[in-house]
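Please read the structure below before turning to the comments.
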Amino acid sequence: MANRCLLYYITDRSQFRGDERARRGALLTKVAEAARARVDYIQLREKDLSTRELEMLARDALSAVRNSTPLRTENRELRSRLLINSRTDVALAAEADGVHLRADDLSSREARAIVQLSDQLSVQRPLAADHFLVAASCHSNEDVIRAESEAADFAVFAPVFGKNAAPGRQPTGLAALHEACRAKIPVLALGGVTMENAASCLEAGAAGVAGIRLFQENKIEDVVRALRAL
């Protein structure tokens, strides 16, 4: 069991009430709440937005993180880090902390090559490649092995208990999670994770847990306190 449970909040503004402006406002409020509670990672997963809209929301989310972090530290290791779902280009343009790659996305190695090339072409934002995080969605042990071989920073293994966004995907269960957690990179559990079953994920070897509703439907400070006590 990990000494410190890593926590990963995945956003979904469609779950909030109201019109588009209200949902975006609610999302940014939740991002700020997560940053204050020192959730380790926040993934901006608003797949329906255009490139421009996603970049603008990413910049607003990054400002929310930085302005809500205790002491407003600029040390990346001491604040929540913002990752953009799938779009390495948007992550770089918004100066986010990294990208979360889908299982059917480009490889972690290819994403890092894009970041390194961006570094070589940029004089305003040097050394991004040294800090840029790459997370990989994984649905099998083979996926995790591939992510590790391609130098992903961590894997998000799903769905452990319940269905995720992929239609018809069946839960993998704790045994499959345990096998995946033999990898040398951290593996986070996703899919039906709750306050009640999170401990079983850590006992299976997960470095932490990820979720949407786990964070959006609860007071994040309470979630962090409970899960970090496991």
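Results, tabulated for the structure shown:
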quantity: The chain, relative contact order in percent, only Cα pairs under 8 angstrom and at least six apart counted; calculated: 20 percent
quantity: Per residue, in Å², the accessible surface of the chain once ligands and nucleic acids are set aside, probe 1.4 Å; calculated: 49 Å²
quantity: In order through the stretch 53-58: 3J(HN,Hα) via Karplus (6.51 cos²θ - 1.76 cosθ + 1.60), integer Hz, x for Gly, Pro; calculated: 5, 5, 5, 5, 5, 5
quantity: Protein accessible area in the chain, 1.4 Å probe - carbon and sulfur %; calculated: 49 percent
quantity: Sparse-neighbourhood loop sites, GluC sites (Glu not before Pro) in the stretch 142-211 - DSSP loop, at most 12 other Cβ within 10 angstrom; calculated: GLU196
quantity: Accessible area, probe 1.4 Å, largest first, for residues GLU33, GLU46; calculated: GLU33, GLU46
quantity: Area of LYS47 that stays accessible when all protein chains are in place (1.4 Å probe, Å², to 10); calculated: 130 Å²
quantity: Taking N as its residue count, the alpha carbon Rg of the chain over 2.2 N^0.38 Å; calculated: 0.96
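The values are calculated or read from the model by the stated rules, or taken from the named source; none is laboratory data. Here the structure is a predicted model, which is why all the values come from computation and not from measurement. Heads up, the Cβs are rebuilt from the backbone with ideal geometry, glycines too, and the neighbour counts pull from every protein chain shown. When the accessible area is computed, the model is the full protein with side chains, heavy atoms only, and any ligands, DNA or RNA have been set aside. Shrake-Rupley method; radii C 1.70, N 1.55, O 1.52, S 1.80 Å.
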